[in-house]
Every structure is written in structure tokens, then in C-alpha cells.
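The values are calculated or read from the model by the stated rules, or taken from the named source; none is laboratory data. Here the structure is a predicted model, which means the values were calculated and not measured. Cβ sites come from the backbone with ideal geometry, for glycine too, and all protein chains shown count toward neighbours. The accessibility values were calculated without ligands, DNA or RNA, using every heavy atom of the protein model including side chains. Shrake-Rupley method; radii C 1.70, N 1.55, O 1.52, S 1.80 Å.
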Amino acid sequence: MNALLKVKTFAIALSGSMLSRILISSTPVVLSTMLQTKLGFDSMVVSMIMLSFSMGFVFSKLMLEKLLQGLGFRYVLMLSTVLTAISIMLLCLSMAEKSIFTFAVLNFMFGWCSSTLYSSLNILAFSDLTDDTYNSGNSVITVAQLMSIAVSTSLSFLLLRFFSAYEIPLGVSNYGVFFLVVAVILPSCCFFFNRLNQKDGRYLIQGS
């Protein structure tokens, strides 16, 4: 029974990781392209905006342990997924404003939330691997992540091309529709995370 629970936890973490990465891995690239081609921002300005994404990524590492200790993996994963979707939705809505400060703040939020999501999933996926299963488990996780990123990049630009072929009402660009679609679908990852037990991975963070 214990072995089955470990397999279940690994499968949930891997499935949630693949779906979330397929949906959001290419978002920074798409955002950078949009800022330069659609909104006409200078490349230096875009670099500074994207730097805020990296800062959010780093900042999340400082808070992750406390969050996991207080909420547990299940709620941290669900919360970070929803907040990531909200930040992407706000990026879509802020296109009309064209504010550099707004994009920087939202990009920081997006970086923080997505990093929290990725880090929690990685910790949980590796948590139940033993010395005997580590190599095979690590290979599966690495291949799954690389495949997810490749699929995300290919699918993103295919969707952008598809959306650009149609006249979109309310003056929304193909980039805006792309962000909207990602933000709407991303919370479906919570279906996987909700199947976790609140105690899953708890021993990793107790007393640390």
C-alpha cells in the first residue's frame, strides 16, 4: 500500500508538471515577442521587464520553505497555479495600458508564482524516489520536462498563427487571446493537485 501511495504521488506530480509546463513554459518568450513586435517597446526596456520575471523566480526560493511548512504541498500547488493563471490574465488585460511599470510588476508576480509551482512539483516528484528508483525516476522527469517545453513552444506559436488568421472582436490581439486561453486552461492542473493527500511530502519539511 505504501508503495502504491508513492507511485500515486509521483504520477500526480509528473502529470501536473507536464500540463503546467506545456501551458506556461513558452509564455515568457511569447511575452517578450509581444512587447517588441506588438507594443513596440525598445529591446532594452523589454530586457528590464523580463529581468523582473527572473527576480520573481529567485525571490520565490526565499519563501518556498515557509509556504510549504505552513500550507503543505497540496495547497501550495493549487494556490500557485491559480495565482499564475491570474497573473497571466492580468498581463492580457494590461496590454491596452502599455505601462512598463505594470508589465514589470505583473512579470515579477508571474515569475514568483510559476517558480513556486515548478519548485514544489520537482520536490514532490523526487520525494519518494529511493536509491534504487532515483536514476530511472530522474530520467523520466527530465525527459517529461524537456518534452513539455518543446511541445509548449511549438504549440504556442501555432496558436498565435491560428489566432492571427481570424478577426478577433473587441480589438483583442492574437497575443491577448493566447494569454487568455492559457489563463483559462491552467487552473485545470488543480484537478491533479486536489488528488494529493494533505500529508503528501510533509516529512520533507517538518522540523526543517
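Could you pull out the residue among Ser47, Ser32, Ser20 that is under 14 Å from Phe178 (Cβ atoms) and at pLDDT 90 or above? Only one candidate qualifies: Ser32.
Does Ser136 qualify as being of a type in the set (S, T, N, Q), part of a helix (DSSP H, G or I), open to solvent by 60 Å² or more (accessible area, probe 1.4 Å) and more than 23 Å from Cys189 (Cα to Cα)? Yes, satisfied.
Could you grab me the full set of residues in the stretch 92-108 that are farther than 15 Å from Leu62 by Cβ and at pLDDT 85 or above?
Narrowing the stretch 92-108 to residues farther than 15 Å from Leu62 by Cβ: 92-107.
Passing the criteria: Ile100, Phe101, Thr102, Phe103, Ala104, Val105, Leu106, Asn107.
Looking across the stretch 60-81 at every residue that is buried (at least 16 other Cβ atoms within 10 Å of the Cβ) and more than 14 Å from Leu124 (Cβ to Cβ), the one that is modelled with the highest pLDDT is identified as Leu79.
Evaluation of Ala96 against the conditions (1) in a helix (DSSP H, G or I); (2) of a type in the set (Gly, Ala, Ser); (3) open to solvent by 10 Å² or more (accessible area, probe 1.4 Å) shows that the sole unmet condition is (1).
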